[in-house]
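Undergrad: Let me begin by handing over the structure; questions about it come next.
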Amino acid sequence: MRRLCFTVDLDRDVNDAVAGSSAAVSLDRGDGNAPRFSSCAEGTEVLIDLLDEMGIRATFFCEATALRRSGMGRVISGHEIGFHGLDHEDFTGARTGIRMDQGAMREAVERGICMIRDDAGASPRGFRSPYMDPDEGMLDFLPEYGFTYDSSRYAYVSPDTDAYLLGNGLAEVPAVKGRDAGGKTVTSYLWPMHEGLRRPEDFVGLGEAVEDGTFVLATHTWHMVESRSGGRMSQERAESNLADVREVLAGLLDAGFRPMTVSEALEGRVLRSR
């Protein structure tokens, strides 16, 4: 079976890491780098309309503060809810120089779960680390809080790319990376397309390499209406951007992929370790 898991990182607008602070800021557009959430809210609405149109249930990995500040909790409640940090933290310290200790990580998880449950009406069972950079100690304790899977890693695409079991009991459901026709790396994150650097067929082609397995496709809410390089999109650019996402999803459905949430892709399956 070809499984398609469309995943969305619901996080603060154009998130950016800064030295000396584990929490993310928003890219400075001339008014400072305080966190912003308006593009997150607008982009979420755009994605929900598209998913409703296409009959697809997605998995939203939610930064708890962005979910609250954007007011999108009830809007996404028909979809699977995952966890993407409290404040889009750099848990490992690779970007900020501040590696969070386990006490601070546990506090972020506990507060984030409570906020997401209050705002979206469901406790998250899946985790995606900000920056796709998970802390191994954090992954080890996540099962204590009811988490059953992680989606914070990449796997090289193959005909049987799929979820696998980690030693801590979590299932790992990786995003995908491979090579395009020119030999350049391409991943299943849509951000280069939103930035005008790739076309929909690049991602459809990457997915088509999975013949019997799980293809995790990923994007950000804010990236539907704002680009990192160009700022807020014009209406024309946003409509073109949306059409590109629709083309990717339609192409994968036409290739025989069955859309499902990450939890649905894992349901009833016995996974192997790697």
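FYI, it's all coordinate maths here, none of it is from the lab. Keep in mind it's a predicted model, so treat the numbers as computed, not measured. Positions of Cβ are generated from backbone atoms using ideal geometry, with glycine treated the same way; all protein chains shown enter the neighbour counts.
Undergrad: Work out, step by step, the length gained on full extension between Arg246 and Ala122: first 0.36 nm times the residue separation, then minus their alpha carbon distance; give nm to one decimal.
TA: Using 0.36 nm per residue and subtracting the Cα-Cα distance, I get 41.9 nm.
Undergrad: Still on this model: Among Met233, Met72, Met224, which one moves the most in a GNM of the chain with springs linking Cα atoms closer than 10 Å?
TA: Most flexible of the set in this elastic network: Met233.
Undergrad: Here's another thing I want to ask about it. One quarter of the convex hull surface, Cα atoms only: what value does that give for the stretch 1-54 in nm²?
TA: Dividing the Cα hull surface by four gives the mean projection, 5.6 nm².
Undergrad: What FRET efficiency would be calculated for the residue pair Tyr156, Glu267, taking the C-beta separation as r and a Förster radius of 25 Å, to the nearest 0.05?
TA: Once the sixth-power term is evaluated, E becomes 0.50.
Undergrad: Label points 7 Å out from Cα along the Cβ direction at Met54 and Glu211: separation in nm?
TA: Label-label distance for Met54 and Glu211, simple model: 2.5 nm.
Undergrad: Label-point separation (nm) for Ala94 and Arg274, each offset 7 Å from Cα along Cα-to-Cβ?
TA: 1.5
Undergrad: Still on this structure: Between Arg237 and Met132, take the C-beta separation as r, use R0 = 22 Å, and let me know the FRET efficiency to the nearest 0.05.
TA: Plugging the Cβ-Cβ distance into 1/(1 + (r/R0)^6) gives 0.25.
Undergrad: Rounded to the nearest 500, what is the chain's calculated 222 nm mean residue ellipticity when only DSSP H runs of at least 4 contribute -39500 (n - 2.57) each, over all residues?
TA: The helix-only estimate for the chain comes to -9500 deg cm²/dmol at 222 nm.
Undergrad: Please report, in Å, the Rg and the Dmax of the chain, where both are computed over Cα atoms only.
TA: 17.4, 51
Undergrad: Extension gain Ser229-Ser77, at 0.36 nm per residue separation less the Cα-Cα distance, in nm?
TA: Answer, rounded to one decimal: 51.6 nm.
Undergrad: Now, a different point. Using a cut-off of under 19 Å, list every residue of the stretch 1-32 whose amide N is near the label point 7 Å from the Cα of Arg258 along the Cα-to-beta-carbon line.
TA: It comes to 1-7, nothing else.
Undergrad: Quick check: net charge around Phe6, other residues with Cβ under 12 Å of its Cβ, Lys/Arg +1 and Asp/Glu -1?
TA: With Lys, Arg at +1 and Asp, Glu at -1, the neighbours total +1.
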